[in-house]
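Participant: My questions will all concern the structure given below.
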Amino acid sequence: MSQIVFSALLAITIGVFFYSAFRIYQLFKLTKPACPIRDFGKRIKLTFTNAFLQEKIFRNRIAGIMHALVFWGFCLILFGSIEMVIDGVFGTERVMSVFGIFYDFLMAGGDIFAYLIALFIVIFIIRRCCLNIKRLHGKELSKTNHIDAYIALSFILILMITLAGMNIFYIAGNSDYVGVFPISSIIAPVFQSLSSDTIELMHEINWWGHIVLIFIFANMLPYSKHFHIFMSIPNVFLSRLTPLGKMYNMDCVTKEVKLMMNPETAFAAAPEGETPISRFGVLDIEDVTWKNYLDSLACTQCGRCTSVCPANITGKELSPRKMMIDMRRRMKEKGPMLVNKGKDYTDGKSLIRDYISTEEIWACTTCNACAKECPLNIDHPTFILDMRRYLVMEESAAPAPLNAIFSNIENNGAPWQYSNQDRLKWIE
Ligand code: SF4
Ligand code: SF4
């Protein structure tokens, strides 16, 4: 009977998860192409150092070590969760114990990390609610963002408590238990005076509580900021490999420049499959690339980018974290309507101005500190530059000093208001 119930719950979990994944896939289909993915060797190395070794996280020593331990602990505990799924479906008990010493290592690691992670999560909750850490309380974070964070932290805490409970009552009820549980084996004797029925019941409650919470948590993630648990590793793998600060050319503009330099080619037929450009730069969510959108889904809202942004530090409106939050919010609002009503759907709003002001866009110094600091290699400046491209190329809405520079380049071939012919006058 329990196998049937478990299998039904697992089927519902997988079904709902795939439904959410399909909806997100439909949103990705609305986005534009990004640079092709090459250099797989470099990407694997980057994923290992940045994602698995959590290299960037250690810049903030104490919080970084705790966060990295939580991540590594989750990786170890994952094996135990897979074992629970197999046990649940096939009615086995601790099926992976056939791996002997390897199994002992995994169980011992999982047991120690269950207590460590629970402790760190309590510290994270206290730090978030009681310590006034600026990057955790930016004005771009709404009440919903904070509630979302507390819900996810509480879920993880209960997951760790039920995991520890499961281990404790498993040991208390079995004198010949398999696996090694360094901390739970110390606590278990406290409960050995309970009747065997009570111990069995407590084990069942913790076992089912743990696995059902995993099922619920997995299906909450796509709608939470903690979706980064799934998206961060792919996002690091797909990071930009070109040096930060290097602007990419727009192919359509490069082509126009080449045509100007060789006008005869203007009459050549357009290559097959080439579609005219619908818009320069980014105005709204359908103009972003799939990589921009992936960045927004991977963002943990940790605020490390905003905490190093010189524009933000000096009191400007700009917050790179807000850019990611706004992009995700806008996709959540407009994306499903574009999917249902077609690409011509409009709600009279746009990402620029209704979510991100032009003041924010022009406040960026393109120093790239945000992209360098982000533990997930999110590339905010490229997104900001694409919004500027829209403002300049579609609306001619650059700030006045920039417009003066553009006119000078056009008229004088240089950003200054002197003629090209007068360049050497300084000698006189
Ligand atoms: S963009 Fe990166 S650094 Fe900024 S809040 Fe998101 S994850 Fe943190
Ligand atoms: S590139 Fe722009 S958004 Fe990023 S840190 Fe520098 S000023 Fe801030």
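Participant: Anything in the stretch 103-149 that is in a helix (DSSP H, G or I), touching a residue at least 60 places away in the same chain (Cβ under 8 Å) and under 18 Å from Arg328 (Cβ atoms)? List them, or say none.
Facilitator: Listed by number, the residues that qualify are Asn145, Asp148, Ala149.
Participant: What number goes with the only condition from (1) at pLDDT 90 or above; (2) in contact with a Ser or Thr (Cβ under 8 Å, 6 or more places away or on another chain); (3) more than 16 Å from ligand 1 (Cβ to nearest atom) that Tyr223 does not pass?
Facilitator: Tallying (1) at pLDDT 90 or above; (2) in contact with a Ser or Thr (Cβ under 8 Å, 6 or more places away or on another chain); (3) more than 16 Å from ligand 1 (Cβ to nearest atom), Tyr223 fails exactly one: (1).
Participant: I would also like to ask the following. Can you report the number of residues in the stretch 25-77 which are assigned to a loop (DSSP other than H, G, I, E, B) and touching a Lys or Arg at 6+ places or on another chain (Cβ under 8 Å)?
Facilitator: Number satisfying all stated conditions: 5.
Participant: Here is a follow-up. Which condition breaks for Leu402 when tested against (1) without any contact (Cβ under 8 Å) to a residue 12 or more places away in the chain; (2) more than 21 Å from the chain's Cα centre (by Cα); (3) closer than 27 Å to Ser239 by Cβ; (4) more than 16 Å from ligand 1 (Cβ to nearest atom)?
Facilitator: (3)
Participant: For the stretch 385-399, name all the residues that are over 13 Å from Tyr248 (Cα atoms) and part of a helix (DSSP H, G or I).
Facilitator: Met387, Arg388, Tyr390, Leu391, Val392, Met393, Glu394, Glu395
Participant: Against the definition (touching an Asp or Glu at 6+ places or on another chain (Cβ under 7 Å) and at negative phi), how does Thr13 come out, yes or no?
Facilitator: No, not satisfied.
Participant: Check Lys332 against each of (1) within 14 Å of Gln301 (Cα to Cα); (2) surrounded by fewer than 17 Cβ atoms within 10 Å (Cβ to Cβ) and name the one condition it does not meet.
Facilitator: Against the list (1) within 14 Å of Gln301 (Cα to Cα); (2) surrounded by fewer than 17 Cβ atoms within 10 Å (Cβ to Cβ), Lys332 comes up short only on (1).
Participant: Taking the stated definitions as given, is Ala51 in contact (Cβ under 8 Å) with a residue 40 or more places away in the chain, under 25 Å from Met327 (Cβ atoms), buried (at least 17 other Cβ atoms within 10 Å of the Cβ) and of a type in the set (A, V, I, L, M, F, W, C)?
Facilitator: Yes.
Participant: Same structure, new question: Pull up the stretch 291-329, narrow it to residues that are near ligand 2 (Cβ under 8 Å from one of its atoms) and among the aliphatic types (A, V, I, L, M), then point me to the one that is surrounded by the most Cβ atoms within 10 Å (Cβ to Cβ).
Facilitator: Result: Met323.
Participant: Restricting to the stretch 225-236, what's the tally of residues that are closer than 20 Å to Gln26 by Cβ and either surrounded by fewer than 18 Cβ atoms within 10 Å (Cβ to Cβ) or within 16 Å of ligand 2 (Cβ to nearest atom) (or both)?
Facilitator: So the answer is 2.
Participant: Could you grab the pairs with beta carbons closer than 7 Å, sequence gap of 6+ or different chains, first residue in the stretch 205-221 and among the small types (Gly, Ala, Ser), second one buried (at least 17 other Cβ atoms within 10 Å of the Cβ)?
Facilitator: As it stands, the answer is Gly209/Thr162; Ala218/Thr13, since those pairs meet every condition given.
Participant: Another question, if that's okay. Which number in (1) of a type in the set (A, V, I, L, M); (2) over 27 Å from the mean Cα position of the chain (by Cα); (3) within 18 Å of His210 (Cβ to Cβ) marks the one condition that Val98 misses?
Facilitator: (3)
Participant: Further question on the same structure: In the list Val98, Val85, which residue meets the criterion of being exposed (fewer than 15 other Cβ atoms within 10 Å of the Cβ) and assigned to a helix (DSSP H, G or I)?
Facilitator: Just one listed residue meets the conditions, Val98.
Participant: Of all the residues that make up the stretch 126-152, how many are crowded, with 16+ Cβ neighbours inside 10 Å and over 30 Å from Gly315 (Cβ atoms)?
Facilitator: 1
Participant: Going by the conditions given, is Lys343 more than 10 Å from ligand 2 (Cβ to nearest atom) and either under 18 Å from Lys246 (Cβ atoms) or modelled with pLDDT under 95 (or both)?
Facilitator: Here the answer is yes, as Lys343 does meet what is asked.
Participant: Only one of these is of a type in the set (A, V, I, L, M, F, W, C), more than 19 Å from Met247 (Cα to Cα) and in contact with a Cys (Cβ under 7 Å, 6 or more places away or on another chain): Met331, Met324. Name it.
Facilitator: None of the other options fit; the residue is Met324.
Participant: Checking the conditions here, which among Cys370, Cys364, Cys374 is buried (at least 16 other Cβ atoms within 10 Å of the Cβ) and touching a Lys or Arg at 6+ places or on another chain (Cβ under 7 Å)?
Facilitator: After applying the criteria, what remains is Cys374.
The values are calculated or read from the model by the stated rules, or taken from the named source; none is laboratory data. For clarity, every value in this text was computed on a predicted model and none was experimentally measured. In this analysis, Cβ positions are derived from the backbone assuming ideal geometry, glycine residues included, and neighbour counts consider all displayed protein chains.
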